[in-house]
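Taking it in order: structure first as structure tokens, then the write-up.
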Amino acid sequence: MIARLRVFYFLAYAGVGVWLAYFAPYLRGLGFSGEQIGAVSTVQMLVAVPAALFWGAAGDRLSPQRALRLCAAGAAIAVVGIPLARTPLQMGCALMAAAAFGGGVVPLVDSTTVAAVQGGYARTRLFGSLGFVVSAPLQGFLLTARGERPGDLLLPLAYLAFVATYALLAQGIPASETAPHRPHWREAVALLGSRPLLFLLGLCALHWATLSPYHLMFGVLVREQALSSAITGVAMSLGVVAEVAALALFPRLEARFSMRALFAAAFLGTALRWALLARAQGAAALILLQLLHALSFGLWWGCAVESMQRVVPARLRATGQALFSAVVFGAGNAIGVGLSGLGLDRFGSVAPLYSCAAAVELVPLLLLLLPLTPERGRA
């Protein structure tokens, strides 16, 4: 089962590598404005919020593996509409359908992995990072070799191939026995009364919102500097290599430092990264700055997963992961991508968005360091 989960992560995040780096340039090639790019991405995230909660609750009642099979299959069918969409309305509808199913994939596979590997989550999740490292530069080189065609269908077709493949793989993941005590929806709602959990979700949502200019617009930034798509892929892949190193080292860091100190390092390093990226010029600077992704995602994600295990009861693990995905990857991302799209039209370029992101990243850092901050490591 662990080997199958590793392959699943590889395929799922290979699809993410194709999507994140090149989706906004693809929409630009279709003639979408910055506001339209932000709008269709925001709609996708807003649908993913309730979808993640629904699939998480289903996972706790049916078993995460059974729910994963259903939502992965649904996502594969829905993604077929993306290469067919040509207008903002069509694309928005296709993304909404994909999000209605795909929003549950990450929390369900994460909850499955946490239970299956018993403390080895980070090392299993590494295979997802490896998938990203392979797919992002390969897609960039292929797009460059094809002459940087506006709205090149290679992008949505490659993404569809990865989603369809991991959906097939999901059908063979064995289901665990359903817990004798199936959690009631009131227990899931009661999670919202946990102050440490709410504080954790707030910090992480703010942090993830500041990553939106990178996730959505980094490829546009590269093209604004008259550089090829290959640079986008190499830069994002180097960031994921750094992420892999951080995840591999996380168990040692966790044993030596408090969770508060590790979160603070992630937030401070991210603020520095965005401040420098706002002023970076040339391929070398854009590429090398992605080494700080070790802090922005690798260290932060290790802290987030460990903290969630500490504050959420085991019987509600899938619901807890779904709540995290809904608030952080859903709501936080929706706000971030929406503002990024509007900011692109207002500023006329991507670089100022990173200056804004650097300033916002200081907010979770300051909240974390307040004297009355709840200690998540002991929650």
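Let's test this: bin the Cα-Cα distances of the range 189-248 at 10 Å from zero up to the farthest pair and state each bin's percent.
Over the range 189-248, the share of Cα pairs per 10 Å bin runs 19, 31, 28, 16, 7, 0 percent.
Take the range 97-167, drop everything but the C-alpha atoms, weight them equally and run the Debye formula without solvent; then report log10 I(q)/I(0) at 0.13, 0.21, 0.25 Å⁻¹ to two decimals.
Debye output, listed in q order: -0.53, -1.03, -1.17.
Sort 69-77, 233-241, 27-35 for me by packing, meaning the mean count of neighbouring Cβ atoms within 10 Å per residue, highest on top. Don't skip to the answer; put the middle values down first.
Values: 69-77: 20.9, 233-241: 24.1, 27-35: 18.2.
Going by the mean number of other Cβ atoms within 10 Å, highest first, we get 233-241, 69-77, 27-35.
Out of Thr113, Thr42, Thr87, any idea which swings most in a Gaussian network model of the chain, alpha carbons joined below 10 Å?
Among Thr113, Thr42, Thr87, the largest GNM mean-square fluctuation belongs to Thr87.
Taking square-rooted eigenvalues a ≥ b ≥ c of the alpha carbon gyration tensor, is the range 1-57 rounded, prolate or oblate, where a/c under 1.5 means rounded and, failing that, a/b exceeding b/c means prolate?
Details: a/c = 5.71, a/b = 1.49, b/c = 3.84.
Because a/c hits 1.5 or more and a/b fails to exceed b/c, the range 1-57 counts as oblate.
Using θ = phi - 60° and the Karplus relation 6.51 cos²θ - 1.76 cosθ + 1.60, list the HN-Hα couplings for the range 234-249 in order, rounded to whole Hz, with x at every Gly or Pro.
Residue by residue, the range 234-249 yields 5, 4, 5, 5, 4, x, 6, 4, 5, 4, 4, 4, 5, 5, 5, 8 Hz.
Tell me which of Leu62, Trp208, Gln36 sits at the most positive position along the dipole axis of the chain, charges placed on C-beta atoms (Lys, Arg +1; Asp, Glu -1).
Farthest towards the positive end: Leu62.
Note down the magnitude of the dipole of the chain about its Cα centre, charges +1 on Lys and Arg C-beta and -1 on Asp and Glu C-beta and zero elsewhere, to the nearest 20 debye. Intermediate results must be reported in sequence, preceding the final value.
On the way: 26 positive and 14 negative charges, 126 e Å.
With only Lys, Arg, Asp and Glu charged at Cβ, the dipole is about 600 debye.
Along the range 342-356, what does the Karplus equation 6.51 cos²θ - 1.76 cosθ + 1.60 (θ = phi - 60°) give for ³J(HN,Hα), rounded to whole Hz, x for Gly and Pro?
3J(HN,Hα) across the range 342-356, in whole Hz: 5, x, 4, 5, 6, 7, x, 7, 7, 3, x, 4, 6, 5, 5.
Cα centroids of the range 196-225 and the range 89-146: how far apart, whole angstrom?
16 Å
Relative to 2.2 N^0.38 Å, what does the C-alpha radius of gyration of the chain come to as a ratio? Two decimals please. Numbers along the way, then the final one.
Details: Rg = 19.4 Å, N = 379, 2.2 N^0.38 = 21.0 Å.
For the chain, the normalised Cα radius of gyration is 0.92.
Rounded if a/c is under 1.5, else prolate if a/b is larger than b/c, else oblate: which is the range 248-363, with a ≥ b ≥ c the root eigenvalues of its Cα gyration tensor?
On the way: a/c = 2.75, a/b = 1.47, b/c = 1.87.
It comes out oblate by the Cα gyration axes.
Go through the range 43-60 residue by residue and turn each phi into a ³J(HN,Hα) via Karplus (6.51, -1.76, 1.60, θ = phi - 60°); whole Hz please, and just put x for glycine and proline.
4, 4, 5, 5, 6, 5, 5, x, 4, 4, 5, 4, 5, x, 4, 5, x, 5
Quick check on the range 23-121: take the gyration tensor over C-alpha atoms, sort the square-rooted eigenvalues as a ≥ b ≥ c, and tell me if it's rounded (a/c under 1.5), prolate or oblate.
On the way: a/c = 2.67, a/b = 2.31, b/c = 1.16.
It is prolate, given that a/c is not under 1.5 and a/b is the larger ratio.
Quick note: the coordinates plus some simple rules give every number you see, no bench work behind them. Predicted model, so just to flag it, every value in this text is computed and none were measured. Methodologically, a virtual Cβ is constructed for each residue, glycine included, from the backbone with ideal geometry; neighbour enumeration extends over all protein chains shown.
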